[in-house]
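Have a look at the structure below before the remarks.
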Amino acid sequence: MNMKRINFGLGLVALLALSSCADDKFSEFRTDMTQNKKDYLYLNNYEPLKKYVQDLKDAGKCNPDFKLGVALAASEFNEQGIVYCLAGSNFDEMTAGNAMKYASCVDNKGVMNFDNVSSFVANAKDAGLTIYGHTLAWHSQQNNKYLNGLIADRPAPEEPGGDNMYIRYTTAAAGANPWDNQANCKLSEPLEKGASYTLTMKVKASEDCDIAFWPIWNASPNKNQWGGSNDVQYLDTYKATTEWTTLTWKFNAAFTHDMLQFCFGKLGGTIDFDDVKLVKDGSDDNLVANGDFTTDNISAWGSNWKGPSFAIKQGSGTSAGGNFCITYTTTKDGANLWDHQATYKLPKSLVQGAKYVLSMKVKSTSKTQFAFWPIWSASPNKNQWGGSNDVQYCESKEISSKWTTVTWEFEAQFTHDMLQFCFGTLKNGESVSMDDITLVKEGTEENLVEDGDFAQNATAGWGSNWQGPNFKCEKIGSGIPLTDKEKKEVLTTALDKWIDGMMEATDGYVTSWDVVNEAISGKKGADGFNELQHATNAPASDVANSFYWQDYLGDIDYVRTAVRDARKSFAEHNGDPSKLKLFINDYNLEGYWDQHAKLKSLIHWIGLWEDPNAEEPVVIDGIGTQMHVTCYGDATKQAKLQSDIEEMFKLLAKTGKLVKISELDMAYEDEAGTSVTFDKMTEEQHKQMRSFYTFIIQKYFELIPQAQQYGITQWCATDSPDTTGAWRKGCPTGLWDSNYLRKHTYAGFAAGLGAPEYWKENAE
């Protein structure tokens, strides 16, 4: 057979449909692919798809509430153009591809905006179409920044000490021995030899380290070779951490100790002491003067020959807001301001002549000048080193070891595509830390620096110059991690708020929902059933871009909470509870790869979620099987898939739940196993896809009892564009081509709904 290639332009009928759509609301949307192609003339005989659904209902051959749906972009439907016409003329129901997902409605601060959703609902009402809600709970397309911020470490309280004064020792370098770095405190009166004492203190270090308490009799005549006392009592060594920890030593004085000695010789950094209290058994008197450092008097304190410096500090010891910052550490001594640079590649270039405000928190290990020089790195105007000459020199700011907020207001001289920060006079090993970076165009609120607070602990977009200061994200502050219980509570509240907001925006009009989407993983658990999706069993690429509610709410409560929230909020926002249908939606349920293990696992989990003996039982109304299938040129593979689909429908029917084909679309794979794009499809391959659509839809009506037939949604009305990021990029997924012209697959879909097989009637 001659394998003709298909490449058609927009037909006359389609153009007429477009021109009349606004006047007639939908018109009939009778597209065709005639173009003098005899094999396509039969397509003109077909009515809009929903006409055949109505015929089935009138004949009592399907559920009277069956809905034929289509997935689309809500924004395109709201334009009331071609997409509006296609949906209204052919379908009963719509699913928004992205507009009703969390990330589309919730910004980085947790502010919810449902304007697009509300317009979608209003236009759907006007068109007489229902909406299927997609989706209330999912791990993907969440606002990870906001949600992770909710469960970030909380700030440490302003303690210890009423006004939070404490003493800090800073070592010059880490030593090799425990005694190499010491803090000491001279007592006003010696201890009583043989008496029992208790020493307590709060300790926090810049890094985990050992700290020992060795009280000494410094006035002893028993001196060692270095002139110090040999009369030392060696007590236990404890661990100091980056969080305030209370340490306690109980001891009987071996000598008439007149000095407390604390050893942290292997620490290279800082160690803080507060609330130092030494009492004799039977007494409440603190033998350490000013042990809580409420006054600025540390005359009794000192250090050893290695000389760690010490000083009174005030505050909690936290740095700038947040839990992470970016820190650049120099690798060479600098002489000029430009010798050390940090750079950030902007996601989009600035507008030349527009006004901007850059604000950030910054500190350095020593006082230095810090400059901001935005540049146009893509400029053809290169300097002798290959960099851009198109640099805007904003003023320098003086920074120090304390977090300081600096701000630049500037008018962009070029189409800057990179931020450049210079701190070139720092010496080798010194560092600059930056946090809470915002770049905002005048009149807007959008931060042009992605993850400017470094909450994601990531350095995407950041770089350095030829001098190569090293850079990394690092944790800052002395935040206190939330407990598992606290994380569950705060995220339960967030999920409640999100679902309630969506139910308020849809105002009882959307009566069917994917309450939980894609919960089941492909990994088997110890019980033989697949686990839920978790950060621990998902691919790294998914984990980086996902937020797994179930990791915090639990496998059971995750779904139950979403179901309860949906039913409660739906009723509170003008919904009729008797009409609400909640579905668990998932993919790869056809069983081609796993002999239906995922589907059987989903059914198992539904049983756990619906446990009638639970304190607050929940009911799940239906199961959505996505069915992003492939039509195979290999006859053996195709027969196997079709058999698996039949078995899937049988298993779904046995559940007694409503069954929805929720995201039906189709790609094509040739006999060699190569995916074929729509521009390379042969007519014969299109006809194979036509037959497969007919098979799927006919088997649905044959094997799913009428009472369980919720509906079928075509996920890709048209072929997928051959563009980066497109769903099933370049595949012949649609019933219409990219010009909204009917394909053979339209006929196959219609035949599955009971339409005549006109291609047979027109066959020679």
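The values are calculated or read from the model by the stated rules, or taken from the named source; none is laboratory data. Here the structure is a predicted model, which is why all the values come from computation and not from measurement. Cβ coordinates were reconstructed from backbone atoms using ideal geometry, including for glycine residues, and neighbour counts include every protein chain displayed.
A few points about this structure:
- Restricted to region 534-577, and to residues there that are outside any helix (DSSP H, G or I) and among the hydroxyl-bearing types (Ser, Thr, Tyr), the residue that is farthest from the chain's Cα centre (by Cα) is Thr536.
- Of all residues in region 603-627, those satisfying the criterion of being under 14 Å from Ala653 (Cα atoms) and not polar (S, T, N, Q) are Ile603, Asp621, Gly622, Ile623, Gly624.
- Looking only at region 390-412, residues that are hydrophobic (A, V, I, L, M, F, W, C) and either modelled with pLDDT under 90 or in contact with a Leu (Cβ under 6 Å, 6 or more places away or on another chain) (or both) come to 3 in all.
- Some residue of region 653-675 being part of a helix (DSSP H, G or I) and either assigned by TED's automatic domain parsing to the domain that holds Tyr632 or at pLDDT 95 or above (or both): yes
- Residue list for region 347-393, filter: surrounded by 15 or more Cβ atoms within 10 Å (Cβ to Cβ), without any contact (Cβ under 8 Å) to a residue 24 or more places away in the chain and not in a loop (DSSP other than H, G, I, E, B): Ser388
- Of the residues in region 492-508, at least one is of a type in the set (Asp, Glu), in a loop (DSSP other than H, G, I, E, B) and modelled with pLDDT of 95 or more.
- Gln413 being surrounded by 15 or more Cβ atoms within 10 Å (Cβ to Cβ), of a type outside the set (A, V, I, L, M, F, W, C) and touching a strand residue (DSSP E or B) at 6+ places or on another chain (Cβ under 6 Å): no
- Number of the condition not met by Glu474 [criteria: (1) over 24 Å from Gly149 (Cα atoms); (2) in a strand (DSSP E or B); (3) of a type outside the set (A, V, I, L, M, F, W, C)]: (1)
- Output for region 49-76, where each listed residue is closer than 23 Å to Gln698 by Cβ and in a strand (DSSP E or B): Lys67, Leu68, Gly69, Val70, Ala71
- Every listed requirement among (1) in contact (Cβ under 8 Å) with a residue 60 or more places away in the chain; (2) surrounded by fewer than 23 Cβ atoms within 10 Å (Cβ to Cβ) is met by Ile712 save one, (2).
- Considering residues of region 275-287 that are modelled with pLDDT of 90 or more and in contact with a Gly (Cβ under 9 Å, 6 or more places away or on another chain) only, the residue nearest to Met165 (Cα to Cα): Val276
- Some residue of region 690-699 being touching a residue at least 40 places away in the same chain (Cβ under 8 Å), out of contact with any helix residue (DSSP H, G or I) (no Cβ under 9 Å at 6 or more places or on another chain), in a helix (DSSP H, G or I) and surrounded by fewer than 16 Cβ atoms within 10 Å (Cβ to Cβ): no
- Test: Gly128 is at pLDDT below 95, surrounded by fewer than 17 Cβ atoms within 10 Å (Cβ to Cβ), at positive phi and not aromatic (Phe, Trp, Tyr): no
- Some residue of region 736-755 being modelled with pLDDT of 95 or more, over 39 Å from the mean Cα position of the chain (by Cα) and surrounded by fewer than 19 Cβ atoms within 10 Å (Cβ to Cβ): yes
- Scan of region 397-408 for residues that are free of Cβ contacts under 8 Å to residues at least 60 places away in the same chain and either in contact with a Cys (Cβ under 6 Å, 6 or more places away or on another chain) or under 30 Å from Thr170 (Cα atoms) (or both), ordered by number: Lys397, Glu398, Ile399, Ser400, Ser401, Lys402, Thr404, Thr405, Val406, Trp408
- One residue from Asn230, Asn224, Asn218 being modelled with pLDDT under 90, over 27 Å from Gly429 (Cβ atoms) and out of contact with any Ser or Thr (no Cβ under 8 Å at 6 or more places or on another chain): Asn224
- Verdict on Thr718 being polar (S, T, N, Q), surrounded by fewer than 24 Cβ atoms within 10 Å (Cβ to Cβ) and either outside the structural domain of Ile645 (by TED's automatic domain parsing) or closer than 27 Å to Tyr84 by Cβ (or both): yes
- Among residues that are surrounded by fewer than 20 Cβ atoms within 10 Å (Cβ to Cβ) and either out of contact with any strand residue (DSSP E or B) (no Cβ under 8 Å at 6 or more places or on another chain) or outside the structural domain of Val659 (by TED's automatic domain parsing) (or both), Asp514 is not included.
- Residue, nearest to Pro178 (Cα to Cα), within region 288-302, restricted to residues that are buried (at least 18 other Cβ atoms within 10 Å of the Cβ) and out of contact with any Gly (no Cβ under 7 Å at 6 or more places or on another chain): Trp301
- Restricting the first member to region 51-77 and to residues that are more than 25 Å from Ala122 (Cβ to Cβ) and assigned by TED's automatic domain parsing to the domain that holds Tyr700, and the second to residues that are modelled with pLDDT of 95 or more and in a helix (DSSP H, G or I), no beta-carbon pair is closer than 6 Å while six or more apart or on different chains.
- Only residues that are at pLDDT 85 or above and loosely packed, with under 15 Cβ neighbours inside 10 Å were counted in region 305-330, giving 0.
- Test result for Leu651, over 20 Å from Ser521 (Cα atoms) and either in contact (Cβ under 8 Å) with a residue 24 or more places away in the chain or not aromatic (Phe, Trp, Tyr) (or both): no
- Only one entry of Glu489, Glu531 meets the criterion of being under 21 Å from the mean Cα position of the chain (by Cα) and more than 18 Å from Leu147 (Cα to Cα), and that entry is Glu531.
- Any hit, region 49-69, residues being of a type in the set (A, V, I, L, M) and modelled with pLDDT under 95: no
- At least 2 residues being in the same structural domain as Val276 (by TED's automatic domain parsing), surrounded by fewer than 18 Cβ atoms within 10 Å (Cβ to Cβ) and of a type outside the set (Asp, Glu) is the threshold, and among the strands (runs of 3 or more DSSP E) wholly inside region 175-259 those reaching it are 196-205, 237-240, 245-252.
Residue by residue, here is whether (1) in contact with a Phe, Trp or Tyr (Cβ under 9 Å, 6 or more places away or on another chain); (2) not in a strand (DSSP E or B); (3) not assigned by TED's automatic domain parsing to the domain that holds Cys185 holds:
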residue: Gly265; (1), (2), (3): yes, yes, no
residue: Gly268; (1), (2), (3): no, yes, no
residue: Asp272; (1), (2), (3): yes, no, no
residue: Asp275; (1), (2), (3): yes, no, no
residue: Leu278; (1), (2), (3): yes, no, no
residue: Val288; (1), (2), (3): no, yes, no
residue: Phe293; (1), (2), (3): yes, yes, no
residue: Ile298; (1), (2), (3): yes, yes, no
residue: Gly302; (1), (2), (3): yes, no, no
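- None of Thr135, Thr171 is of a type in the set (Val, Ile, Thr) and under 30 Å from Trp513 (Cβ atoms) except Thr135.
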